[in-house]
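Okay, handing you the structure first.
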Amino acid sequence: MPEPTSRRTVLAAALATASAATVAASAAPAPAAPAGPVTAPHPAGGDTTGPLIDNRFWTTPADWRSGTAEGVRAVAGPRPGIAIDVPVGSADRTDPHTGTTARWEYASWTSPRHVTAAPATELVASWNADTPAGTWITVELSAGYPDGTDSPWYVMAHWAAGDGDIRRASVDGQGDGRTRVWTDTVAVDDPANGPRPTSYRLRVTLHRAPGSDRTPTVWRLGAMASDVPDRFTVPAAEHRVVRELSVPRYSQNTHIGQYPEYDNGGEAWCSPTSSQMVVEYWGRRPTARQLAWVDPAYADPQVCHAARATYDSQYEGCGNWSFNAAYAATYDGMNAVVTRLRSLTDLENLVGAGIPVITSQSFLEGELTGAGYGTAGHLMTVIGFTADGDVIANDPASPTNQAVRRVYRRREWETVWLRTRRRDATGGVVSGTGGVCYLYWPDEATPAQRRALADAGVGQEVRGGGRE
């Protein structure tokens, strides 16, 4: 069933003001040369009316050296990253969700400016980090406009893997009249007429208790910039893959009414339930100690754990896209990002390589045959394709674990996932998610899996972006 709609509904309404003119608006003048270091944009080519999906993630030793470090040091090893070296200062912070005031030391790293392949309408950040007890991080994003000016530094997250030191949260009320933050997304206020970001920078601030030798470690930081043209439907992709992955099946609805402090289970838990299915597909699982807080009367306590570990205290729900990816990456050797895919072909390539994909979609009851519900925003996990090309999904909006496996008609599913415009129950025009997905993969991914990730614009090799 759908995730809470308070934020997603507002976002849909805000973006629904865009029209087909957004396609023409994307042919904006070239941006002024930004100040500071610049990373080259991914090459664009082909049909310029196709979707822009531009991923840039900093992960390598060279990446970390390319940024501006203030009090952080490089961490070597199989997962190069950054950690606190000598804090540059300390400050008191009152957690708005607990009222607790504490002093924290801090250090920071700022990325070079990344110039996108074309002006974007949305930006979504991702990070993979370890935050031992007594540590946490702040992730910020500043969008660059075509006139050479920048947005303020938007706080995308105050984040920790646990909730013993701070409450993990996004920050409401941020905007500059051109862009604004909607929980996990920086979105353009007026895609048809307003300026669109042509670059961005990211900043991560690492915090720890004063005098401690503990430190967060960040080994992935980046964002997906996108501009998907207005479309109620999409071209049909040729069917190429027949495969079904063996992914654990969990129902969100077996948890209805559980843990009101984490949004009460049921329809609110589609995202963490999907995340947990894929985490376990890759052989990772929370420990008995991590699950000790869960009521032993509850089935599948790991789903309760995932909900707690993705809960956004500002959003008051578990549907923050970036928080779900960050949760998956808390497991040893796991990597995770939020991105968009251009077509069902990209998704088939990933599944064909053995990578399940968590997808976000919205639809009316009846638009997806066999679903039995309608939703303003819902996550499910694509695990395969039938011989006829239909989509095999682990849909957590099912009454039992056994009922989670569903087969959806290919053309219907392709449309509800990739479209950016749809009709609601009253006939009004609202937004679709335009191919949003979570991609999780382990360090031990096979060469074929790495190629599929690279073709999708993520993975060890930063490639892709541009337009179809």
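Readers should treat all values here as calculations from the given coordinates under stated rules, not as data from a laboratory. Values in this document were obtained by computation on a predicted structure and should not be read as measured data. Positions of Cβ are generated from backbone atoms using ideal geometry, with glycine treated the same way; all protein chains shown enter the neighbour counts.
Could you tell me what % of all Cα pairs in segment 266-392 have separations over 27 Å?
Values: 1757 of 8001 pairs.
Cα-Cα pairs of segment 266-392 separated by over 27 Å account for 22 percent.
Pick out, from Ala387, His158, Ala169, the residue whose Cα sits farthest towards the positive end of the charge dipole of the chain, with +1 on the Cβ of Lys and Arg and -1 on the Cβ of Asp and Glu.
The Cα lying farthest towards the positive end belongs to Ala387.
Within segment 109-134, name every residue whose backbone N is under 15 Å away from a label modeled 7 Å from Cα of Ser212 along the Cβ vector.
From segment 109-134, the list is 130-134.
Next up: If we sort 333-342, 395-404, 280-289 on the protection proxy, mean other Cβ atoms within 10 Å, highest first, what's the order?
333-342, 395-404, 280-289
Within the set of other residues whose C-beta is less than 11 Å from the C-beta of Ala169, count the net charge using Lys and Arg as +1 and Asp and Glu as -1.
Local charge sum for Ala169: -3.
Under a point spin-label approximation (7 Å from Cα along Cα-to-Cβ), what is the Trp153-Thr345 distance to one decimal in nm?
That separation, rounded to one decimal, is 4.2 nm.
Let me ask something else about it. Please give the contour-minus-distance gain from Thr68 to Arg178: 0.36 nm per residue of separation, less the Cα-Cα distance, rounded to one decimal in nm. Walk me through the numbers on the way to the answer.
Values: separation 110, 0.36 × 110 = 39.60 nm, distance 2.66 nm.
Contour length minus the Cα-Cα distance gives 36.9 nm.
What FRET efficiency comes out for Glu365 versus Asp85 if R0 is 51 angstrom and r is the Cβ-Cβ distance? Round to the nearest 0.05.
Efficiency, rounded to the nearest 0.05: 0.40.
Identify the residues of segment 394-426 with backbone N under 17 Å of a label point that sits 7 angstrom from the Cα of Thr386 along the Cα-to-Cβ direction, or state none.
From segment 394-426, the list is 394-395, 403-415.
Sticking with this structure for a sec: Only four residue types carry charge here, +1 at the Cβ of Lys and Arg and -1 at the Cβ of Asp and Glu. Report the dipole size of segment 293-361 about the Cα centre in Debye, rounded to the nearest 20. Spell out each step's value before the answer.
Values: 3 positive and 7 negative charges, 41 e Å.
It works out to roughly 200 debye.
Okay, next question. Charges at C-beta only: +1 for Lys and Arg, -1 for Asp and Glu. How large is the resulting dipole of segment 220-290 about its Cα centre, in Debye rounded to 20?
440 debye
Taking the Cα centroid of segment 70-139 and of segment 310-383, what is the distance between the two, rounded to the nearest whole Å?
25 Å
Let me ask another. Please list, in order along segment 177-185, the HN-Hα scalar couplings obtained from phi with the Karplus expression 6.51 cos²θ - 1.76 cosθ + 1.60 (θ = phi - 60°), rounded to whole Hz, x for Gly and Pro.
x, 10, 9, 8, 9, 10, 6, 10, 10
Treat every Asp and Glu Cβ in the chain as -1 and every Lys and Arg Cβ as +1, leave all other atoms uncharged, and give the resulting dipole magnitude about the Cα centre to the nearest 20 debye.
Charge dipole of the chain: 560 debye, to the nearest 20.
Give me the net charge of Val234's neighbourhood, meaning all other residues with Cβ under 9 Å from the Cβ of Val234; Lys, Arg count +1, Asp, Glu -1.
That sum, taken over residues with Cβ under 9 Å, equals +1.
Under the rule of at least 5 residues apart or a separate chain, name every residue whose amide H is placed under 5 Å from the amide H of Thr116.
Here the answer is Ser199, Tyr200, since their amide H atoms fall under 5 Å of that of Thr116.
On to the next question. Give the calculated FRET efficiency between Tyr298 and Ala133 to the nearest 0.05, with a Förster radius of 22 Å applied to their Cβ-Cβ distance.
So, using R0 = 22 Å, E works out to roughly 0.30.
So for each of 185-191, 445-451, 407-413 I average, over its residues, the number of other beta carbons within 10 Å; can you give me the resulting order with the highest mean first?
185-191, 407-413, 445-451
Roughly speaking, what is the stretch gain from Ala236 to Thr60, that is 0.36 nm per residue apart minus the C-alpha to C-alpha distance, in nm to one decimal?
Extra length available between Ala236 and Thr60 comes to 59.6 nm.
May I ask for the net charge around Asp85, where only other residues with Cβ less than 12 Å from the Cβ of Asp85 are counted and Lys, Arg are +1 while Asp, Glu are -1?
Net charge in that neighbourhood comes out at -1.
Okay, moving on. Take the Cα pairs of segment 111-243, get the Kirkwood Rh, then feed it into Stokes-Einstein at 20 °C and 1.002 mPa s and tell me D in µm²/s.
129 µm²/s
Sort Asp390, Asp63 so the one with the fewest other Cβ atoms within 10 Å of its own Cβ comes first.
Asp390, Asp63
Between Ala329, Tyr250, Tyr440, whose Cα lies farthest towards the positive end of the dipole of segment 243-455 when Lys and Arg beta carbons carry +1 and Asp and Glu beta carbons carry -1, centred on the Cα centre?
Toward the positive end, the furthest listed residue is Tyr440.
Would you work out which of Val407, Trp269, Thr310 lies farthest towards the positive end of the dipole of segment 243-455, given +1 charges on the beta-carbon of Lys and Arg and -1 on that of Asp and Glu, about the Cα centre?
The residue sitting most towards the positive pole is Val407.
Test of understanding: what is the full-extension gain from Arg409 to Thr100, defined as 0.36 nm times their sequence separation minus their Cα-Cα distance?
106.2 nm
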